[in-house]
1. Please work out the C-alpha center-to-center distance from the range 91-154 to the range 348-425 and express it in whole Å.
2. May I ask for the percentage of alpha-carbon pairs in the range 261-302 that lie more than 13 Å from each other?
3. What ranking of Leu34, Leu408 emerges when the number of other C-beta atoms within 10 Å of each C-beta is taken as an exposure proxy, fewest first?
4. Which of Lys120/Lys387; Lys387/Lys410; Lys446/Lys567 have a Cα-Cα distance over 32 Å?
5. Give, in nm to one decimal, the length gained when the segment between Lys271 and Trp551 is fully stretched (0.36 nm per residue of separation minus the Cα-Cα distance).
6. Using Cα positions and a limit of under 17 Å, work out the lysines in reach of Lys325, with same-chain residues fewer than 8 apart set aside.
7. Could I get the Rg over Rh figure for the range 43-131? Both from C-alpha atoms, Rh via Kirkwood, rounded to two places.
8. Could you check what % of the DSSP bridge pairs in the chain are antiparallel, to the nearest 5?
Amino acid sequence: MNIRWMVLSLCIGLYGVVFSSGLPNIVIFLADDLGIGDVGCFGNTTLPTPNIDRIASEGARLTHHLTSSSVCTPSRTSLLTGRYPIRSGLVTSHLLPVILFVASAAGLPNNETTFAELAKTQGYSTAVIGKWHLGMSCSTYQDFCHHPLNHGFDYFYGLPLTNLKDFGNSGESVVVSQMPATNMTLVMSFVLGLLSSAVLHRKGFISTKFTVLFLGLSTCLPLALYTAYKNITLLNSVMLKDFNVIEQPIRLDSLTRRFTQEGLEFIERQKRNQQPFLLFLSWTHVHTYLMTGSGFSGRSQHGRYGDAVMELDWGVGQILTALDKHGFTNNTMVYFTSDNGGHIEETEEDGSRVGGYNGIYKGGKTHGAVDGGIRVPTVVRYPGRIKPGRVVDEPTSLMDFLPTVANLMKAPVPSDRVLDGKDMMPLLTGEERLSRHEFLFHYCGKTIHAIRYRPRQGSDVFKLVLWTPGYIPGQMRCEFVCFCGHATRLSTPQLYNMVSDPGELTPLNVTQHAEYQDIVRLMLKALEEHQASVTPVPDQYAIMNLMWRPWLQPCCNFPYCSCQDPKYASLEP
């Protein structure tokens with residue numbers, strides 16, 4: 001009897017191996033705010049990134065890989081869905097470019113289909129470890145409508161929001177960095193409310209009852225906003241394991257090591273399960289506040305930023321080693337990229353820079369359509385399909401990831417919606433030489449700031465710039481972020497050849513060249529057709545959705561809102 005069960009178990013195990021061998025495992029590494037000039041295989045000679053470089057040498061390096069947005073929440077939306085984020089309602093028409101509170105109602109709508117949900121249809125085990133920043137709950141604390149486990153993931157360990165400057169020990173605030181006059185604005189709002197109430201009552205325009213109501217609103221709103229932004233760490237420095245709060249506030253110095261360990265344990269479980277898997281490792285490096293473990297502190301010549309890049313690369317290397325160890329390497333597609341370009345305005349307390357380097361490309365994070373904010377360091381490895389050392393110079397997009405892995409997993413993509421991404425495997429393998437994207441549209445919030453055109457012949461790539469960021473006069477940067485609402489519409493759009501002029505330094509002379517005029521007309525016509533394909537959806541970025549809602553606020557060990565992940569409590573800094 002025991003022998004029969006042993007034989008049966010062996011047959012089941014062999015069946016699992018055969019079944020899973022036809023479906024590749026998928027590993028996604030997503031860095032946060034990493035510049036294309038920060039990585040060795042993209043030209044950096046002063047910051048070692050041997051493990052990211054290894055992926056490039058054993059696979060392909062994508063030199064023209066673009067995000068759909070130069071800021072994280074909309075960019076991550078398009079990575080997960082294969083669609084422009086405006087189709088999901090995750091773009092802004094005001095000054096707030098990202099979800100700012102864990103306890104807000106904004107997030108990735110449930111009617112969107114993610115690559116994790118497609119993987120589940122094919123029997124994959126799925127996990128997301130690290131930063132989510134796509135919402136948590138909608139109406140009640142327990143509904144978890146935007147949570148990763150309601151978007152196709154079996155396991156979540158990480159941040160429902162993001163890493164913020166406020167989480168460090170410098171006393172800096174991300175709100176004040178974005179809006180330096182925050183305190184003065186709130187004080188003036190309070191004073192203006194008092195004066196308006198007094199004047200309106202004195203002139204007889206409002207009764208005493210309405211004066212009290214008006215005065216209450218004028219007082220409470222600035223006070224509530226002040227309280228919220230002064231307590232960002234308490235409200236947002238939260239870690240979850242699945243649906244449970246396990247740490248508050250977050251210990252940043254051990255975060256990358258914990259993410260790495262969780263990834264290693266997930267891979268170990270898959271070895272036992274004999275099941276294809278999809279692992280999404282969404283690092284918090286190199287978003288500020290920057291903290292690393294003692295093993296990386298002070299190792300780089302680029303200060304805390306360089307230390308964080310090196311720790312990020314170490315984490316990637318640990319996962320690659322685990323794939324080797326467990327025999328997964330040859331049947332695993334590995335994709336490394338960043339959610340947007342480096343944040344060139346980011347500084348230390350003393351004013352020194354701690355943001356990324358975007359190489360020859362103009363601008364950076366939040367800068368709308370300039371390539372420094374949307375062209376990201378990307379490498380892909382899939383042994384047996386992608387030849388080692390391949391370089392792809394054709395325009396590709398984060399939106400391409402979903403249709404690419406859907407085809408690899410043999411999962412049908414949704415047919416009831418517009419899918420903007422294209423399968424890029426033919427480019428990666430060399431079967432095709434031309435990008436499947438003839439046009440790409442570059443949004444800043446709800447407005448298209450530029451159009452990219454890849455003609456079907458030749459090697460040129462053209463970019464028509466319609467808006468320019470609201471830069472400080474005489475400089476190529478903003479105060480802290482470039483708000484979309486502060487951008488300037490160009491009276492005459494500027495056309496660039498992104499092959500001969502990737503830094504967008506010299507616009508082409510359109511008025512004196514008929515062929516350029518034809519190109520501009522073609523691009524503007526494509527813009528009209530694209531805009532006609534965008535249908536209205538609920539606005540996730542409506543102010544009421546973004547506002548902090550006390551009843552959605554996670555809090556462990558109530559009322560202290562303070563706890564430490566017991567699994568890693570003994571982990572040294």
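1. If you average the Cα positions of each part, the centres end up 20 Å apart.
2. Of the Cα pairs, 67 percent sit more than 13 Å apart.
3. Leu408, Leu34
4. Pairs exceeding 32 Å: Lys446/Lys567.
5. 96.7 nm
6. Lys271
7. 1.04
8. Of all bridge pairs located within the chain, approximately 50 percent are antiparallel.
Just so you know, all these numbers are worked out from the coordinates, no wet-lab data involved. Quick caveat, the model's predicted, so the values are computed rather than measured. Note that each Cβ is placed from the backbone with ideal geometry, even for glycine, and that neighbours are counted across all protein chains shown.
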